[in-house]
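Here's the structure we're looking at; comments come further down.
The values are calculated or read from the model by the stated rules, or taken from the named source; none is laboratory data. This one's a predicted model, so the numbers in the text were calculated from it and none came from an experiment. In this analysis, Cβ positions are derived from the backbone assuming ideal geometry, glycine residues included, and neighbour counts consider all displayed protein chains. Note: areas computed on protein heavy atoms with side chains; ligands, DNA, RNA excluded. Shrake-Rupley method; radii C 1.70, N 1.55, O 1.52, S 1.80 Å.
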Amino acid sequence: PHLAALVLARGGSKGIPLKNIKLLAGVPLIGWVLRAAIDAGVFHSIWVSTDHDEIEKVAKQFGAQVHRRSPEVSQDSSTSLEAITEFLNHHHEVDIVGNIQATSPCLHPSDLIKVADLIQKEGFDSVFSVVRRHQFRWSEVKKGENKMTEPQNLNPAKRYRRQDWPGELYENGSFYFAKRHLIEKGYLQGGKMAYYEMRAEHSVDIDIDIDWPIAEQRVLSFGYFGKEPLKEVKLLVCSIDGCLTNGRIYVTEDHKEMVSYDYRDIVGIELLKKRGIQVRLISDRDCSKTLSAMQLGCVAKVSATNKLQVLKDWQEDMGLSWKEVAYLGNEESDVECLKQAGMSGVPADACAAAQKAAGYICKSRGGCGAVREFAEHIFLLLEKVNSARKQ
């Protein structure tokens, strides 16, 4: 049977505008679940249903196909079931839909693989995700009602300790898998049903009630970053023009060139060095005088006609694997380097081709703190590497 992953990503959002493609830890929100779905390897096709051009662009960058949903199922009042039904009406080859929520960035491929087995091999008609919670519930007393609240799932005289109580299962909204015949009857859950219990740390739902920085920390700690395990970064190669500087060149009356840089980026370079990470600089123009004036003390290659070859030479000379190399670039000449490096980033104002190739998109523009921001991102991922080692 044709199993399709379907992510519903409407452009309108009352809480956070274009939330589905807002950057979370350097990756568009929808990118986290698309990466997990692709790497799971269980879907015959992976789709994003959207009514917005920018969401369509991001979805295709991450390897998904796009179904342009109609205005009728793109309203605030439209339900997920209506959008999924419309999708099925246009894609008769699909037998099973795995509706994955774009707002679940800690979803892992292993979860999707197990759910696919439940519905394809064990014959369930629908499978949905739950999380175990240890929360005591009480009945609601509305204002003006002359009555007392009552316990719903506990005896106040004999309150359980957390370790003595298995808790309860709650839907976490991460995904809903269902067979076509069930959806056509108007159900996402029904027939022979099963739940799939997700780990609590992977059950992260980004909604208007969650603080974005807190969500980023959760994703950096528990998110899925790709098939290969992260390794400790030992070399950062940074493009000079447009990353370390803002790309502007000022020319004086006596034909001397001047550029500007942000002191925060210099601090970022120094912090990387203190952590034992080498920083090297690269440019496709001759800016040796500028580098000399900046006194960064970094190995640099200017007038580089083939940046990828320079990067390969440095990687081989240092005896590093590509997973130990990070690259910060911003132009088309950086694209192949961004694709090759184990960790890659671009400033917020990088060209479209560079953004598509990068694993992390900075909030800061080139020459305005992007290097420092990417350095902080490297440090956070190093903490993740060290944590994995301890486990």
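Data overview
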| item | result |
| --- | --- |
| Residue under evaluation residue 301, criteria (1) in contact with a strand residue (DSSP E or B) (Cβ under 9 Å, 6 or more places away or on another chain); (2) closer than 21 Å to residue 258 by Cβ, criterion not met | (2) |
| Residue that is part of a helix (DSSP H, G or I) and of a type in the set (Val, Ile, Thr), where the choices are 206, 119 | 119 |
| Lone qualifier among 265, 334 - being open to solvent by less than 20 Å² (accessible area, probe 1.4 Å), in contact (Cβ under 8 Å) with a residue 60 or more places away in the chain and under 16 Å from residue 375 (Cβ atoms) | 265 |
| Residue 79 vs. criteria open to solvent by 40 Å² or more (accessible area, probe 1.4 Å), at pLDDT below 95 and of a type in the set (Val, Ile, Thr) | yes |
| Options 243, 238: the member that is part of a helix (DSSP H, G or I), modelled with pLDDT of 85 or more and not basic (Lys, Arg) | 243 |
| Criterion violated by residue 128 - all others in (1) open to solvent by 30 Å² or more (accessible area, probe 1.4 Å); (2) outside any strand (DSSP E or B); (3) in contact with a strand residue (DSSP E or B) (Cβ under 8 Å, 6 or more places away or on another chain) satisfied | (2) |
| Answer residue from region 183-204, given it is of a type in the set (A, V, I, L, M, F, W, C) and closer than 21 Å to residue 215 by Cα and is modelled with the highest pLDDT among those | 198 |
| Enumeration of residues in region 141-158 that are under 26 Å from residue 203 (Cα atoms) and either touching a strand residue (DSSP E or B) at 6+ places or on another chain (Cβ under 7 Å) or open to solvent by 80 Å² or more (accessible area, probe 1.4 Å) (or both) | 152, 153 |
| Among the candidates 203, 221, 239, 174, residue that is surrounded by 12 or more Cβ atoms within 10 Å (Cβ to Cβ), touching a residue at least 60 places away in the same chain (Cβ under 8 Å) and out of contact with any strand residue (DSSP E or B) (no Cβ under 9 Å at 6 or more places or on another chain) | 221 |
| Selection within region 1-19 - closer than 24 Å to residue 221 by Cα and either surrounded by fewer than 18 Cβ atoms within 10 Å (Cβ to Cβ) or at pLDDT 90 or above (or both) | 7, 16 |
| Total residues in region 35-67, condition surrounded by fewer than 17 Cβ atoms within 10 Å (Cβ to Cβ) and touching a His at 6+ places or on another chain (Cβ under 8 Å) | 2 |
| Answer from 276, 329 - the residue that is open to solvent by less than 20 Å² (accessible area, probe 1.4 Å), touching a residue at least 12 places away in the same chain (Cβ under 8 Å) and not hydrophobic (A, V, I, L, M, F, W, C) | 329 |
